[in-house]
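Engineer: Have a look at this one before I ask anything.
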Amino acid sequence: MWEYTEKVKEHFLNPRNVGEVENPDGIAEVGSIACGDALKLSFKLDENKRIKDIKFKTFGCASAIATSSALTEMVKGMTLEEAMKVTNQDIAAYLGGLPQEKMHCSVMGKQAMEKAIENYKGGPPTEPAAQIICECFGVTEREIEQAVRENNLSTVEEVTNYTKAGGGCGGCHDAIRQIIERVRAETAPAARPKLSNIQKIKMIEEIIDREIRPSLKKDGGDIELVDVIGNRVLVATRGTCATCKAADITLKHFVELKLRDFVSPELVIEEVTP
Amino acid sequence: MKTIYLDNNATTQVAEEVLDAMLPYFRDLYGNPSSMHTFGGQVGRKIREAREQAAALIGAGPEEIIFTSCGTESDNAAIRSALAAHPDRRHVLTSRVEHPAVKSLCDHLSRQGYRITELPVDKDGILDMTQYERALTPDTAVVSLMWANNETGVLFPVEKAAELAKERGILFHTDAVQAVGKIPINMKATSIDMLSISGHKLHAPKGIGIFYVRKGTRFSPFLIGGHQENGRRGGTENTPSIIGLGKACELAARNMDAENRMVLRLRDKLEAEILTRIPNSRVNGTRLYRLPNTTNISFEFVEGEAILLLMDDYGICASSGSACTSGSLQPSHVLRAMGVPFTMAHGSIRFSFSIYNTEDEVDFVIEKLPPIIERLRSMSPYWNAGDQVCSVQ
Ligand code: FES
């Protein structure tokens, strides 16, 4: 069984705003019964152009129902500009998180909101790039791009978790891989300016201090930065880390992940004996 | 909250008598059956007894029973042994609705260059025997067809299929994990060469299975090691579990008729009541050739995981073939192979009974389920209470 947070369960058992708004200002339907989930959203604005009433009807699993319910609660009272800015991550966070495999439910919520707003503004804008990439689940290039960009996805599996694309016959995996590469290539350099060596060392030290050491210490271990040569980060471990057989894996995996995340994706961790 | 366990095709409760039979072999009688001393030897005797009990349940000889760790191991051992026995043959014949223990293995073999034929089934889950016969070729090393389907309970005519294979000199294996203990089986009267059993489906513990190999069948072991199981499966015996499984087989042989009558009555009552009380529901798989304890019912326009979780709130345990519960994004391969429409496939629920279920439990489900479905349908964008269609299609 899936590990759902209490909040997900609560919204599933007591969903808010189920139904359809009468004389809606905007409506949208996303998903399909073949795909296993679908969401119909309708909203009405007040005189200040804020969302006064919003309702949903959802066919799908517990998390699809819970994310729909959460979305309606979140955007109630917002202007359309504000509602447009709600990301699928926000919806998931509102619910205390979703299992990775269920993130597509939050993406479905986000898409329905966007589409409903487009509908209010007068039909969907012309989408020249709305090419279907995944035939099995009818997922477009634009949807995959957006999911990759907003959620910083890097593997086909992640894209499947977030959009369902790739979860059927697998015929679209190559195309998905290409989209990931393309999107990551556009975003990577902008997000990470080139670091000078001093900057790099400083940053590494800071991250070790702030992000890594505390959790190692919890288990009675410690880590020390010995040197940085190019992208090689030499570290020494102490305490339980130094003797633990699993240290190799923990260190490489955990420290490398953190440093790559915060400093530079090219970094490689090497352990040296002090 | 009381647990109402209607998921007996997933696993069953260990029978009280089985547990009692096992306990001494954890604590006091922990000897190794291979030892020379009396202390170990007495355990060896108990294992012989268990082997006889297991053999009796399926009309086999004790020398045809190999204890394994689970049904999956038995399936793997059977298919791999058959391939090793016929290194010149490169074809495996199976069906689209097999358990992953067979299906995934066949996928794996196909990547290694074997030719795999997965026979289709019709909308009722029934195999086309003419098509089966045509798929048997001189290159076929082994046929593997399940006796009873775990999701729908539909029975394959494996005895007939085994005869046809035998006429052509092809080895025949059946995954009988769901069938053993639920339908009478007499191996002496069949041409089946190999058969898999899982202990925890018949009130023995998890982690123990049986691999039946007909006497005289060419065989090569899956686990190579000591002389245990006559050199056909190395590894120190899981003595308490083997003894427990022996007991479970004895109980099954003794009680099968009475149990079947009981679970059949409960299953039929639940099924009939659900179909009349809940519109747009239907049974998946033929109702003519089916295990007495299983029903697989689809509810149109709702999703299975949501149904399961709402039932879970009342302590009712069942399972679903919906995408969300199958661990993938598509509904179960069994329902897809049967061509169950998407509107139905995502909302399928399997109820499977055992001797421990009661009429009160069935009544409770009959009372709780209709409002659950209604509630989810009221949330579903596809459901308009106005345009219900006839519930029996
Ligand atoms: S086309 Fe994407 S999974 Fe089949």
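Engineer: I want to check the label-to-label distance for residue A:261 and residue A:181. Put each point 7 Å from Cα in the C-beta direction and report it in nm to one decimal.
Structural biologist: It is 2.7 nm.
Engineer: Mind putting a number on the dipole of the range B:16-252 about its Cα centre? Charges go on the C-beta only, +1 for Lys and Arg and -1 for Asp and Glu, and I need it in Debye to the nearest 20. Present the calculation step by step, with values, prior to reporting the outcome.
Structural biologist: Details: 27 positive and 28 negative charges, 103 e Å.
Here the size comes out at about 500 debye.
Engineer: Hey, could you pull the Cα Rg and Dmax for the range B:227-268, both in Å?
Structural biologist: Gyration radius and largest Cα-Cα distance of the range B:227-268: 16.0, 48 Å.
Engineer: Now for a different question. Enumerate the amide H contacts of residue A:134 below 5 Å, restricted to partners 5 or more residues apart or on another chain; note that Pro and chain-start residues carry no placed amide H.
Structural biologist: A:139
Engineer: What share of all Cα pairs of the range B:16-252, in percent, falls into each consecutive 5 Å distance bin?
Structural biologist: Whole-percent P(r) values from 0 Å outward: 1, 7, 15, 19, 19, 16, 10, 7, 4, 2, 1, 0.
Engineer: Separate question: Please turn the phi angles of the range B:273-290 into ³J(HN,Hα) values with the Karplus equation 6.51 cos²θ - 1.76 cosθ + 1.60 (θ = phi - 60°), one per residue in order, whole Hz, x for glycine and proline.
Structural biologist: 5, 4, 5, 7, 7, 10, x, 6, 10, 7, 8, 8, x, 4, 9, 8, 10, 8
Engineer: Okay, next question. Counting only Cα atoms, I'd like the Rg/Rh figure for the range B:243-289, Kirkwood definition for Rh. Don't skip to the answer; put the middle values down first.
Structural biologist: On the way: Rg = 15.5 Å, Rh = 13.0 Å.
Over the Cα atoms of the range B:243-289, Rg/Rh equals 1.19.
Engineer: Now, a different point. Kindly write out, for the range B:104-120 in residue order, the coupling ³J(HN,Hα) from the Karplus curve 6.51 cos²θ - 1.76 cosθ + 1.60 (θ = phi - 60°), rounded to whole Hz, with x marking Gly and Pro.
Structural biologist: Couplings: 5, 4, 5, 4, 4, 5, 5, 5, 8, x, 7, 9, 10, 10, 9, 5, x Hz.
Engineer: Next up: Most exposed first by the Cβ proxy, i.e. fewest other Cβ within 10 Å, how do A:163, B:38 rank? Please list the in-between numbers first.
Structural biologist: Working: A:163 28, B:38 8.
Arranged by neighbour count, lowest to highest, A:163, B:38 become B:38, A:163.
Engineer: What does the convex hull of the Cα atoms of the range A:6-121 come to per residue, in Å³, rounded to a whole number? Walk me through the intermediate numbers first.
Structural biologist: Working: hull volume 9.9 nm³, N = 116.
Once divided by residue count, the hull of the range A:6-121 is 85 Å³.
Engineer: Hey, what did the range B:258-371 get for relative contact order, percent, Cα under 8 Å, at least 6 apart?
Structural biologist: Values: 162 pairs, mean separation 38.9, N = 114.
Relative contact order of the range B:258-371: 34 percent.
Engineer: Please state the shape class of the range A:67-157: rounded when a/c is under 1.5, otherwise prolate if a/b exceeds b/c and oblate if not, all from the C-alpha gyration tensor. Don't jump to the answer; show the numbers that get you there.
Structural biologist: Values: a/c = 2.05, a/b = 1.08, b/c = 1.90.
Here the range A:67-157 falls in the oblate category.
Engineer: Would you list A:52, A:218 from fewest to most Cβ contacts within 10 Å?
Structural biologist: Numbers: A:52 15, A:218 8.
The most exposed by this proxy come first: A:218, A:52.
Engineer: Cα-based Rg (one decimal) and Dmax (whole number) for the range A:132-184, in Å?
Structural biologist: In order Rg, Dmax, the Cα atoms of the range A:132-184 give 9.2, 26 Å.
Engineer: Using amide H atoms built 1.01 Å from N in the peptide plane, name the residues 5+ places from residue A:26, or on other chains, whose amide H lies under 5 Å from its own.
Structural biologist: When sequence neighbours closer than 5 places are left aside, the close amide H contacts are A:43.
Engineer: Then there's this: With n ≥ 4 as the cut-off for DSSP H runs, can you work out [θ] at 222 nm for chain A, using -39500 (n - 2.57) per run divided by the number of residues, rounded to the nearest 500?
Structural biologist: Values: 13 runs with 123 residues, N = 274.
So the helix-based figure for chain A works out to -13000 deg cm²/dmol.
Engineer: Among B:182/B:368; A:217/A:252; A:44/A:85; B:188/B:247, which pairs are too far apart, with a Cα-Cα distance over 20 Å?
Structural biologist: Working: B:182/B:368 28 Å; A:217/A:252 17 Å; A:44/A:85 18 Å; B:188/B:247 22 Å.
In this structure, B:182/B:368; B:188/B:247 exceed 20 Å between Cα atoms.
Engineer: Using all Cα-Cα distances in the range B:151-305, what percent lands in each 5 angstrom bin from 0 up to the longest?
Structural biologist: 2, 8, 13, 16, 17, 15, 12, 9, 5, 3, 1, 0
Engineer: Using 31 Å as the Cα-Cα cut-off, could you pick out the over-long pairs in A:9/A:121; A:40/A:258; B:160/B:201; B:215/B:269? Write out the running numbers ahead of the final one.
Structural biologist: Working: A:9/A:121 34 Å; A:40/A:258 40 Å; B:160/B:201 25 Å; B:215/B:269 43 Å.
Distance filter (> 31 Å) returns A:9/A:121; A:40/A:258; B:215/B:269.
Engineer: Follow-up. Find, to one decimal place in angstroms, the Kirkwood hydrodynamic radius of chain A, where the mean of 1/r is taken over every pair of different Cα atoms and then inverted.
Structural biologist: Details: mean 1/r = 0.0472 Å⁻¹.
This gives a value of 21.2 Å.
Engineer: How far is it, in nm, from the label point at residue B:49 to the one at residue B:258 when both lie 7 Å from their Cα along the line to the Cβ?
Structural biologist: Here the answer is 2.2 nm between the modelled labels.
Engineer: Moving to a separate point now. Treat each spin label as a single point 7 Å out from the Cα along the C-beta direction, and report the residue B:131 to residue A:2 distance in nm.
Structural biologist: Label-label distance for residue B:131 and residue A:2, simple model: 3.4 nm.
Engineer: Within 10 Å of each Cβ in peptide A:50-59, how many partner chain Cβ atoms are there on average? Round it to a whole number, please. Show your work: numbers first, answer last.
Structural biologist: Values: counts 0, 0, 0, 0, 0, 0, 2, 6, 6, 14.
That average works out to 3.
Engineer: From the phi angles alone, apply the Karplus equation (6.51, -1.76, 1.60; θ = phi - 60°) to the range B:310-317 and give each ³J(HN,Hα) in whole Hz, x where the residue is Gly or Pro.
Structural biologist: 5, 5, 4, 4, 9, x, 8, 9
Engineer: Another question about this same structure. Could you calculate the FRET efficiency of residue B:29 with residue A:87 from 1/(1 + (r/R0)^6), where r is the beta carbon distance between them and R0 is 56 Å, rounded to 0.05? Intermediate results must be reported in sequence, preceding the final value.
Structural biologist: Details: r = 62 Å, r/R0 = 1.11.
After rounding, the FRET efficiency stands at 0.35.
Engineer: Additional query: Search the structure for amide H atoms under 5 Å from the amide H of residue B:348, placed 1.01 Å from N in the peptide plane, and list their residues when 5 or more places away or on another chain.
Structural biologist: Residues meeting the criterion, in which the H sits 1.01 Å from N, are B:299, B:304, B:321, B:322.
Engineer: If the only charges are +1 at each Lys and Arg Cβ and -1 at each Asp and Glu Cβ, what is the size of the charge dipole of the range A:132-184 around the Cα centre, to the nearest 20 debye? Each step should come with its number before you reach the end.
Structural biologist: On the way: 6 positive and 9 negative charges, 16 e Å.
That gives the range A:132-184 a dipole magnitude of about 80 debye.
Engineer: As a test of the formula, what do you get for chain B when each DSSP H run with n ≥ 4 contributes -39,500 (n - 2.57) and the sum is divided by the residue count, at 222 nm and rounded to the nearest 500 deg cm²/dmol? Could the numbers behind the result be given before it?
Structural biologist: Details: 13 runs with 157 residues, N = 393.
That comes out to -12500 deg cm²/dmol.
Engineer: Now, a different point. Quick one: pull the percentage of alpha-carbon pairs in the protein assembly as shown with a separation above 35 Å. List each step's numbers first, then the result.
Structural biologist: Values: 123200 of 222111 pairs.
The share of Cα pairs beyond 35 Å in the protein assembly as shown comes to 55 percent.
Engineer: Run the numbers on the range A:1-142 and let me know its relative contact order in percent, using alpha-carbon pairs under 8 Å that are six or more apart. Don't skip to the answer; put the middle values down first.
Structural biologist: Working: 246 pairs, mean separation 36.1, N = 142.
RCO, the range A:1-142: 25 percent.
Engineer: Classify the range B:1-87 from the C-alpha gyration tensor, please: rounded if a/c falls under 1.5, else prolate or oblate depending on whether a/b exceeds b/c.
Structural biologist: Numbers: a/c = 2.06, a/b = 1.03, b/c = 1.99.
Note, shape of the range B:1-87 comes out oblate.
Engineer: Give me the extension gain from residue B:188 to residue B:312: residue separation times 0.36 nm, minus the current Cα-Cα distance, reported in nm with one decimal. Intermediate results must be reported in sequence, preceding the final value.
Structural biologist: On the way: separation 124, 0.36 × 124 = 44.64 nm, distance 4.34 nm.
Value of the extension gain: 40.3 nm.
Engineer: Further question on the same structure: Kindly provide log₁₀ I(q)/I(0) values, in the same order as q = 0.12, 0.25 Å⁻¹, from the Debye equation applied to equal alpha-carbon scatterers of the range B:258-345.
Structural biologist: -0.39, -1.42
Engineer: Here is a further query. Place a label point 7 angstrom from the Cα of residue B:265 along the Cα-to-Cβ direction, then list the residues of the range B:337-372 whose backbone nitrogen is under 14 Å away.
Structural biologist: B:355-363
FYI, it's all coordinate maths here, none of it is from the lab. This one's a predicted model, so the numbers in the text were calculated from it and none came from an experiment. All Cβ positions, even for glycine, are placed from backbone atoms using ideal geometry, and neighbour counts span all protein chains on display.
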